[in-house]
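Report on the following structure.
The values are calculated or read from the model by the stated rules, or taken from the named source; none is laboratory data. Model, not experiment: these values are computed from the prediction. Ideal geometry is used to build each Cβ from the backbone, glycine not excepted, and the neighbour counts take in all protein chains shown.
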Amino acid sequence: MVAWGIIGFGWVARDFVAPAIRDAGHRLAAVCDPDPAARAAGERLGARAYATADELCADESVEAVYVATPNHLHRAGVEAAARAGRAVLCEKPMAAGLDDAEAMVRTVERAGILYGTAFDQRHHPAHRAIRAALREGAVGAVTAVRIVYACWLGPDWGAGDNWRIDGAKAGGGALMDLAPHGLDLASFLTDSSIEAVAALTQTRIQPYAVDDGAVLIARLSGGPLLTLHVAYNHPETLPRRRLEIVGDQGLIVAENTMGQDPGGRVTLTDARTGSSRPLPVPGAERSPFLEQILAFGHALRSGDHRAFDATRDLHGMRCLMAAYGSEPTAVPVRPKGWHRSTSSPTETAP
């Protein structure tokens, strides 16, 4: 059993992390939040409640800390935990900016503590099953990973302070919030790392300043290509969560596995016959948050920290920020002899 403290007791912590701690057989020892209502919610779960991160981290009963604050406050929470010698699992992205993320890594390395970024998608039972199948050669040589991870996030979402659409607090919009999962998952599934990245963003539907949609492309070590579509402008009644891994011998498709909940459907198609079959998913009903808490607890107790890697996570953060800085200037390109009036190419004299 691990005794946890949670810094920032909002909806992710309350609805997903706290239940995962309970279901793992661990204990929620303490929460901290500046909001009295959030502290009261933690107390109803039997946790001690504090107003500041330093107070929570000074609680000697706390062994591990989950940082679930808005992005711009991640660094302060991680540094408070590191000063107290507590292990840290921090929500993604690592921070609202690269400077803070790099400072966080220096801090946890100096302190010698276990640190992980909460990439719960690598702990989803379906994604673990896909990784195992890929390692067994289920699709042959992987050529491409294609991900759609989208939702509708209106300006009034969250019934109050929607910090995810505040560039100063979030560091960006849909790309900053949703792409970290896709970048990490593609690397996890293919046992590779991101080598090159670029992105195009849009502010298309939602009436706020940050991007409400983006398409990211990347090259993974060994050659596979990644395409990742993320959005805050995608109606939730439409299909919006899809993962495809393409190889020279087959295709794996996962529907509705991206996200906080267990379940979804995974199929494997054989390129030789065109036939498809379900891919078995052991423990399909288990929450990715539960699996993540169990994995972190095992790393803390066993001393085997290989599943959590601050340097790897920092590389992902660098890739994310490089994607934000990569958007090119649009240059209209049309075939020679293109006539707008006919909307079709016409022959021209040589």
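In region 225-274, which residue that is hydroxyl-bearing (S, T, Y) and under 18 Å from the mean Cα position of the chain (by Cα) is surrounded by the most Cβ atoms within 10 Å (Cβ to Cβ)? Checked region 225-274; the qualifying residue surrounded by the most Cβ atoms within 10 Å (Cβ to Cβ) is Y232. Hey, E136 hits all of (1) in the same structural domain as T267 (by TED's automatic domain parsing); (2) in contact (Cβ under 8 Å) with a residue 60 or more places away in the chain but one; which does it fall short on? Every condition holds for E136 apart from (2). The single condition among (1) among the acidic types (D, E); (2) assigned to a helix (DSSP H, G or I); (3) under 20 Å from G297 (Cα atoms); (4) without any contact (Cβ under 8 Å) to a residue 12 or more places away in the chain that D99 does not satisfy is (3). Scoring R44 on the criteria (1) without any contact (Cβ under 8 Å) to a residue 24 or more places away in the chain; (2) closer than 11 Å to R14 by Cβ; (3) under 26 Å from the mean Cα position of the chain (by Cα) leaves a single failure, condition (3).
Taking (1) without any contact (Cβ under 8 Å) to a residue 24 or more places away in the chain; (2) over 27 Å from A323 (Cα atoms); (3) hydrophobic (A, V, I, L, M, F, W, C) in turn, V31 satisfies each apart from (1). Whether any residue in region 178-190 is part of a loop (DSSP other than H, G, I, E, B) and more than 12 Å from the chain's Cα centre (by Cα) is what I want to check. Among the residues of region 178-190, not one is part of a loop (DSSP other than H, G, I, E, B) and more than 12 Å from the chain's Cα centre (by Cα), which makes the answer no.
Condition check for L178 on (1) within 17 Å of T257 (Cα to Cα); (2) out of contact with any Phe, Trp or Tyr (no Cβ under 6 Å at 6 or more places or on another chain); (3) surrounded by 24 or more Cβ atoms within 10 Å (Cβ to Cβ): one failure, at (2). Beta carbons closer than 7 Å, at least 6 apart along the sequence or on distinct chains, pair a first residue in region 173-186 that is under 11 Å from D211 (Cα atoms) and assigned by TED's automatic domain parsing to the domain that holds L200 with a second that is at pLDDT below 95 and part of a helix (DSSP H, G or I) for G173/I165; L175/Y324; D177/R164. Considering each residue of region 292-302 in turn, at least one proves to be under 21 Å from S187 (Cα atoms), out of contact with any His (no Cβ under 7 Å at 6 or more places or on another chain) and in the same structural domain as G112 (by TED's automatic domain parsing). From the residues in region 15-44 that are among the hydrophobic types (A, V, I, L, M, F, W, C) and touching a strand residue (DSSP E or B) at 6+ places or on another chain (Cβ under 6 Å), which one is surrounded by the fewest Cβ atoms within 10 Å (Cβ to Cβ)? Out of the qualifying residues, it is A29. Taking the listed residues S187, S193, S221, the one that is in contact with a helix residue (DSSP H, G or I) (Cβ under 6 Å, 6 or more places away or on another chain) and of a type in the set (S, T, Y) is S193, with no other qualifying.
Of all the numbered requirements in (1) touching a residue at least 40 places away in the same chain (Cβ under 8 Å); (2) among the β-branched types (V, I, T); (3) in contact with a strand residue (DSSP E or B) (Cβ under 9 Å, 6 or more places away or on another chain), I165 misses one, and that requirement is (3).
This table checks each residue for (1) small (G, A, S); (2) at pLDDT 95 or above; (3) within 15 Å of the chain's Cα centre (by Cα).
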position	(1), (2), (3)
S276	yes, yes, no
R286	no, yes, no
L320	no, yes, yes
V331	no, no, no
S344	yes, no, no
